[in-house]
Structure formats: C-alpha cells, structure tokens
Amino acid sequence: MPGLIPDSRDHLDEVGEDYFEHMGFALAVGRHMALAGIACMIHALVPALFPRTASTAIRDLHAVIEHRGDTRFLRRNDGGLLILLTLLALYAATLPWIAGSDWFVAAPVSALALGFPIAFALGREAEPA
C-alpha cells in the first residue's frame, strides 16, 4: 500500500485533474455504467425493453473517455435511466413491507431505497449542461 498515494498523484497528473474533478468524473462514469448494466440485464430477460441502451452507453462512454471531462454524453440518456432507477427503487422500497418486516426496519430501508433516484435526479440538475 505504500505506493497508493504516489500512484494516485501520478494518475491525476496523467489525466490532468485534481482529486475532486477526478472523483466527479469517475462517479459519473460509474453511475452510467451501473445503470446501463442493469438495463442490459433486464434487456437480456425481455428483449423489447432497453433495446439500444447498452450500445448507446458504450458509444457515450467512449466519447466521454475521448473527450475527458465532457460528461454531456452521459447525461443525454439519463432520463430513461432515471425511470429505471426509480422503478428499481420502488421495488426495493416495497420488499420489506411485503416480507412482513417491522415498521422500524421497513421504513428506513424504504426511505433509503427511494432516496437513490432523488439523489440521482438532484445530481443531474447540479451538473452543468
């Protein structure tokens, strides 16, 4: 582990970003990849759903990597991903209630699940266009 800090600094210098710029970029890319991956798995089960999400995500991610820092490509298709995330959150929020959990367990789990799409939407609005 002694090389983590110098290696991190080298990487940040290589990409021309400070720590927080890099963190924001990596989180935006990771969020897009994760949601596109979920959409792709749903597409595997029901091919009519999200028929072009994976290929579009790959093209968008390639464009973002080529034009580092320009995340507008990632925001272009976030509307559908927000809907997907909201549906998954609603499902996750209802599970503890369906399973018969006590309210003091189910309520915080539901609140946490429903917080994800809200945070996602607020994060989109905070990013410059």
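Derivation of every value follows stated rules applied to the coordinates shown; laboratory data play no part. Everything quoted here is computed from the prediction, not taken from an experiment. Every residue, glycine as well, gets a Cβ built from its backbone with ideal geometry; the counts of neighbours run over all protein chains shown.
Spacing of the modelled spin labels on Val29 and His67, each 7 Å from Cα toward Cβ, amounts to 1.6 nm.
Sequence-distant contacts, meaning Cα pairs under 8 Å at least 6 residues apart, place the relative contact order of the stretch 1-76 at 24 percent. Residues in the stretch 50-61 carry Karplus couplings, in order, of 6, x, 10, 5, 5, 5, 5, 4, 5, 4, 5, 5 Hz; the curve used is 6.51 cos²θ - 1.76 cosθ + 1.60 with θ = phi - 60°, and Gly or Pro positions show x. What the phi angles of the stretch 42-47 give under the Karplus curve with 6.51, -1.76 and 1.60, with θ = phi - 60°, is a coupling list of 5, 4, 4, 7, 10, x Hz, glycine and proline written as x.
Relative to the present Cα-Cα distance, how much length would full extension add between Leu88 and Leu114 at 0.36 nm per residue of separation? Display every interim value, and only then the final one.
Numbers: separation 26, 0.36 × 26 = 9.36 nm, distance 0.92 nm.
Between Leu88 and Leu114, full extension yields 8.4 nm more.
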